[in-house]
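Scroll down for the structure; my scribbles are underneath it.
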Amino acid sequence: MVRRVAVVGAGASGLAAVKCCLDEGLEPTCFERSKDIGGLWRYTDQAEEGRASIYRTVFTNSCKEMMCYSDFPFPDDHPNYMHNTKLQNYLCKYAEHFNLLRHIRFKTLVTKIKKRPDFPVTGQWEVVTQTDGKEEMAIFDAVMVCSGHHVYPNLPLTDFPGIQKFKGRYFHSREYKEPEEFRGKKVLVIGLGNSGSDIAVELSAVASQVYLSSRSGSWVMSRVWDNGYPWDMLVVTRFRSWLENILPQALSDWLYVRGMNRFFKHENFGLMPLNRTSRKEPVFNDDLPSRIACGMVVVKPNVKEFRETSVLFQDGTVQDDVDVVIFATGYGYSYPFMEDDSIIKNRDNQVTLYKDILPPQLEKPTMAVIGLVLSLGPIIPTADLQSRWAVKVFQGQCSLPPVSKMMDDIRENIEKKLKWYGDSTTLQTDYVTYMDQLASDIGVKPNVLKLLLTDPRLALEIFFGPCSPYQFRLVGPGKWSGARKAILTQWDRTLR
């Protein structure tokens, strides 16, 4: 019988895990190595060891109606896209509203998690923590790992010959905080992801020149979409997801590329992805195309070689007098507290998790990894629904298939990732499909056909409107009485 649950990390995912445990009558203890909640969204002037780190001007890429916890909307007066300080404030309000803080132990580092000797029978874990240098061990019936995947920087220096003789400064984007120290300098940003694009745009206002190098290109989307509405309220819908899945691949690909090129032709800006039909995560940046058009950001191909003060690119061009190189080359994921790292990862560094949550080979399903997923959708409601699913599994109220079937499901998932995203190791998944799978398993997926008969206005909004988090609180366990009203008034709050 699962009762005591250890939660690792008090970021957006960890808070969801704590609340879901409390909702089901469990006893969570959350361990947070820093002094406050928020994880990725808690800005600090210096990057802290073992914690995600953001720059001062980070804004959300998902709008407030799409990225809230499913039973806790953002205040009406908040903007559609928020600065990190506003989101951090929202997380604090969420923790306060549901009385979560008393279950969190701050300044406590989890150093080791291992199975107990009788794990095949009890499913229990030994969790070793450290507070002010003092070590402590406790036994838990289940563990929820919510430590995120923006902690351990990927700095692939071996892929860049000559970097050792480069006389300028170079560092990972994790260390970047604000632009002023780069005033008047020539800066090369390597990596066309959200961080790389944001940093390149921000630096272009103060640097003498910014170069943005990309190995494979990327789709660039604006937060502001048709008629000025948030992109995700128009794009992340059940109707579009249904259409994407029933259309022939060739037609679906054509429509996808056409949609991505609707505001500007990526090929003309040197941004076209090598695999143009790949659904890999797009970049959200409202200013990048105009900065390229103004010559403030110059797009370059991949770096072939570094020299003492210059850089040779794959197209044979050389850029002289480069002062600074910022590697916006993403992150790896690691679980240094796991005694057996293979529980979560296999030798090819692929995530081996059933439903992207549960290690399938465990004798007892008492560990869940929350938030280790990417989609064209927001992480907060994803982590919320993952936590609800995991707690139901812990309690035996959500039945699992045999291990062989779980492994088949994982293999099928990997094949889909290869087909849609061109990479079998990516953390990406289709948002609406994934959320509906989890919701179906625990009985909280809305029945659109049934609603057409009983509440047609709501049914049409659910199918053709944004797939907002409130949809997963309409029915079943964890039903929220305010869900229907929140769905029918979401456009009003967006306009406000």
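Observations on the model:
- When residues in segment 163-191 are screened for being part of a helix (DSSP H, G or I) and out of contact with any Lys or Arg (no Cβ under 9 Å at 6 or more places or on another chain), 8 of them pass.
- Within segment 462-496, considering residues that are without any contact (Cβ under 8 Å) to a residue 60 or more places away in the chain and part of a loop (DSSP other than H, G, I, E, B), the one nearest to Tyr229 (Cα to Cα): Thr489
Rundown of residues vs (1) farther than 20 Å from Pro156 by Cα; (2) out of contact with any strand residue (DSSP E or B) (no Cβ under 7 Å at 6 or more places or on another chain), yes/no style:
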{"position": "Phe313", "(1), (2)": "no, no"}
{"position": "Gly316", "(1), (2)": "yes, yes"}
{"position": "Asp321", "(1), (2)": "yes, no"}
{"position": "Phe337", "(1), (2)": "yes, no"}
{"position": "Ser342", "(1), (2)": "yes, yes"}
{"position": "Gln361", "(1), (2)": "yes, yes"}
{"position": "Lys364", "(1), (2)": "yes, yes"}
{"position": "Met367", "(1), (2)": "yes, no"}
{"position": "Ile370", "(1), (2)": "yes, no"}
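- Failed criterion for Lys93 (all others in (1) loosely packed, with under 14 Cβ neighbours inside 10 Å; (2) at pLDDT below 95 hold): (2)
- Filtered by the rule that a residue be open to solvent by 40 Å² or more (accessible area, probe 1.4 Å) and farther than 19 Å from Leu385 by Cβ, segment 464-491 gives Phe464, Lys485, Trp491.
- Matching residues, segment 312-338, being closer than 26 Å to Pro179 by Cβ and open to solvent by 40 Å² or more (accessible area, probe 1.4 Å): Thr317, Val318, Asp320, Asp321, Asp323, Tyr331
- Residue in segment 192-212 that is closer than 15 Å to Gly330 by Cα, open to solvent by 40 Å² or more (accessible area, probe 1.4 Å), acidic (Asp, Glu) and outside any loop (DSSP other than H, G, I, E, B) present: no
- For segment 366-411, the candidate set comprises residues that are among the β-branched types (Val, Ile, Thr) and at pLDDT below 90; within that set, the residue that is surrounded by the most Cβ atoms within 10 Å (Cβ to Cβ) is Val373.
- In the condition set (1) surrounded by 21 or more Cβ atoms within 10 Å (Cβ to Cβ); (2) in contact (Cβ under 8 Å) with a residue 40 or more places away in the chain, Lys167 is compliant with all but (1).
- Some residue of segment 56-70 being open to solvent by 40 Å² or more (accessible area, probe 1.4 Å) and farther than 25 Å from Ser375 by Cα: no
- Candidate set from segment 442-460 (those that are in contact with a helix residue (DSSP H, G or I) (Cβ under 6 Å, 6 or more places away or on another chain) and either open to solvent by 10 Å² or more (accessible area, probe 1.4 Å) or of a type in the set (A, V, I, L, M, F, W, C) (or both)); member that is farthest from Leu372 (Cα to Cα): Leu452
- Residue match in segment 2-25 (condition: open to solvent by less than 50 Å² (accessible area, probe 1.4 Å), out of contact with any helix residue (DSSP H, G or I) (no Cβ under 8 Å at 6 or more places or on another chain), among the aliphatic types (A, V, I, L, M) and not in a loop (DSSP other than H, G, I, E, B)): yes
The rows are residues; the columns are (1) more than 27 Å from Val322 (Cα to Cα); (2) modelled with pLDDT under 95.
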site	(1), (2)
Val201	no, no
Leu212	no, no
Asp226	yes, yes
Trp254	yes, yes
Lys265	yes, yes
Phe269	no, yes
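- Of all residues in segment 301-311, none satisfies the criterion of being within 27 Å of the chain's Cα centre (by Cα) and crowded, with 18+ Cβ neighbours inside 10 Å.
The values are calculated or read from the model by the stated rules, or taken from the named source; none is laboratory data. Note that the structure is predicted; figures quoted are calculated from it, not measured. Here Cβ is always computed from backbone atoms with ideal geometry, including for glycine, and neighbour counts include all displayed protein chains. For the accessible areas, the whole protein counts, side chains as well, though only heavy atoms, and no ligand, DNA or RNA atoms are used. Shrake-Rupley method; radii C 1.70, N 1.55, O 1.52, S 1.80 Å.
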